[in-house]
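For reference, the structure discussed in these notes is given below.
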């Protein structure tokens with residue numbers, strides 16, 4: 001079966017697209033990176049076998065976080081690091097979303113609104129979990145920003161993995177229920193925090209909504225959203241703690257669409273698979289123009305240097321190591337250098353095709369003639 005890549009779509013239909021569409025600086029960077037990935041434009045690296053001396057050359061990848069070809073190494077490296085912070089406790093999966101009425105404003109103010117999305121989510125979870133009515137402790141949160149739905153439409157939301165327990169006065173309190181707090185309570189609190197923060201932000205508006213610069217008009221625009229139910233999900237713990245890092249890693253380094261989902265790119269159209277959650281999660285095919293596909297894909301380019309994975313509560317970076325050690329003592333997990341999770345890694349190990357040795361020397365080189 002023929003395989004198609006996003007790189008193929010960009011190379012075939014990208015030149016026509018950029019003639020009629022204005023790209024941001026960040027979008028240009030992603031566009032050029034994906035087109036150049038594993039091509040002579042980025043040079044090559046060599047691996048020399050230490051046993052037989054045979055040298056093998058490979059084209060360099062772009063390592064852009066939006067490129068579907070370049071996420072495996074970054075994901076495995078991150079998972080290896082996060083293993084050392086895993087606790088022997090249940091973990092909940094929480095999803096917070098914003099209504100579609102805000103999408104256009106978010107697209108004009110991505111960094112501001114994404115930061116608010118993180119802040120409103122983490123503050124809501126921490127406030128509710130600290131309430132004795134629910135848990136009465138400070139939990140740990142790992143949050144990941146996603147901006148897409150199954151059909152690549154703009155759908156900003158946060159996936160949060162939350163410890164099913166937390167610290168209170170140097171005591172570990174574990175959740176005894178299949179939920180940390182009621183989803184309706186989280187939805188209401190998150191909605192209030194997000195809209196309050198949005199009102200205080202210095203926003204840019206599209207031309208047809210410049211009247212929203214007026215504070216009264218903006219408050220009037222937001223008023224119906226206070227009455228609307230904002231969609232949130234709280235999934236109970238699934239599987240063992242050992243699977244949590246794998247789960248987070250899969251969400252953390254996912255791009256808008258993988259190459260495997262693309263089924264055809266002929267006749268100026270792109271056909272891809274998607275999961276229809278409104279129809280019991282059935283796998284279906286969608287066909288759209290190549291122009292529309294590229295437009296949708298580029299909607300999900302993040303602001304430059306934007307951090308899309310963040311930690312809060314007892315997992316906040318400032319004091320993470322010390323607090324995790326304390327939590328393990330309180331939970332009953334041995335604290336030593338051997339604390340590790342037995343997860344089989346998926347990175348391909350270099351094996352010399354000539355002699356079978358795994359000992360090698362690595363050298364990175366640019367091909368100056370093609371270097372961008």
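The values are calculated or read from the model by the stated rules, or taken from the named source; none is laboratory data. Here the structure is a predicted model, which means the values were calculated and not measured. Positions of Cβ are generated from backbone atoms using ideal geometry, with glycine treated the same way; all protein chains shown enter the neighbour counts.
Being surrounded by 19 or more Cβ atoms within 10 Å (Cβ to Cβ) and farther than 30 Å from residue 286 by Cα is the filter here; which residues of segment 144-172 pass it?
Scanning segment 144-172 gives 161, 162, 163, 164, 165, 166, 167, 172.
Do you know which residues across segment 273-295 are free of Cβ contacts under 8 Å to residues at least 24 places away in the same chain and closer than 25 Å to residue 71 by Cβ? Even if it seems obvious, please write down each step before you answer.
Pass one, segment 273-295, residues free of Cβ contacts under 8 Å to residues at least 24 places away in the same chain: 273, 278-285, 287-289, 292.
Listed by number, the residues that qualify are 273, 281, 283, 284, 285, 288, 292.
Identify the residue in segment 163-182 that is free of Cβ contacts under 8 Å to residues at least 60 places away in the same chain and in a strand (DSSP E or B) and, among all such residues, is farthest from residue 92 (Cα to Cα).
We begin by selecting, within segment 163-182, every residue free of Cβ contacts under 8 Å to residues at least 60 places away in the same chain; these are 168-169, 173, 176-178, 181-182.
From what is left, the residues that are in a strand (DSSP E or B) are 168, 173.
Details: 168: 19, 173: 15 Å.
Ranking the candidates gives 168 first.
Collect the residues in segment 119-128 that are touching a strand residue (DSSP E or B) at 6+ places or on another chain (Cβ under 7 Å) and either modelled with pLDDT under 95 or closer than 13 Å to residue 96 by Cα (or both), keeping them in residue-number order. Even if it seems obvious, please write down each step before you answer.
Applying the first criterion (touching a strand residue (DSSP E or B) at 6+ places or on another chain (Cβ under 7 Å)) to segment 119-128 yields 121-122, 125-126.
Residues satisfying the conditions are 121, 122, 125.
So, restricting to strands (runs of 3 or more DSSP E) that lie completely within segment 11-129, which ones have at least 2 residues that are free of Cβ contacts under 8 Å to residues at least 60 places away in the same chain?
On the way: elements: 44-49, 55-59, 91-97.
Qualifying strands (runs of 3 or more DSSP E): 55-59.
Here are 265, 257, 231, 248: which of them is at pLDDT 90 or above, touching a helix residue (DSSP H, G or I) at 6+ places or on another chain (Cβ under 9 Å), crowded, with 18+ Cβ neighbours inside 10 Å and under 18 Å from residue 157 (Cα atoms)?
Exactly one of 265, 257, 231, 248 is at pLDDT 90 or above, touching a helix residue (DSSP H, G or I) at 6+ places or on another chain (Cβ under 9 Å), crowded, with 18+ Cβ neighbours inside 10 Å and under 18 Å from residue 157 (Cα atoms), namely 257.
In segment 272-298, how many residues are at pLDDT below 95 and either closer than 19 Å to residue 26 by Cβ or assigned to a helix (DSSP H, G or I) (or both)?
Of the residues in segment 272-298, 3 are at pLDDT below 95 and either closer than 19 Å to residue 26 by Cβ or assigned to a helix (DSSP H, G or I) (or both).
So for segment 107-118 (the condition being in contact with a helix residue (DSSP H, G or I) (Cβ under 6 Å, 6 or more places away or on another chain), surrounded by 19 or more Cβ atoms within 10 Å (Cβ to Cβ) and over 30 Å from residue 273 (Cβ atoms)), does at least one residue qualify? Spell out how you get there, then give the answer.
Residues of segment 107-118 in contact with a helix residue (DSSP H, G or I) (Cβ under 6 Å, 6 or more places away or on another chain): 113, 116.
After this cut, where a residue has to be surrounded by 19 or more Cβ atoms within 10 Å (Cβ to Cβ) as well, the list is 113, 116.
Add one more test, that the residue is over 30 Å from residue 273 (Cβ atoms), and what stays is 116.
Yes, that holds for at least one residue.
Within segment 56-75, can one find any residue that is over 24 Å from residue 304 (Cβ atoms), assigned by TED's automatic domain parsing to the domain that holds residue 129 and within 19 Å of the chain's Cα centre (by Cα)? Explain how you work it out, then say what you get.
Taking segment 56-75 as the starting set, the residues that turn out to be over 24 Å from residue 304 (Cβ atoms) are 56-59.
Still in the running and assigned by TED's automatic domain parsing to the domain that holds residue 129: none.
No, there is no match, as no residue in segment 56-75 is over 24 Å from residue 304 (Cβ atoms), assigned by TED's automatic domain parsing to the domain that holds residue 129 and within 19 Å of the chain's Cα centre (by Cα).
If the Cβ limit is 6 Å and pairs must be 6+ apart or interchain, which residue in segment 247-268 that is free of Cβ contacts under 8 Å to residues at least 24 places away in the same chain pairs with which residue that is surrounded by 15 or more Cβ atoms within 10 Å (Cβ to Cβ)?
So the pair list comes out as 261/272; 261/273.
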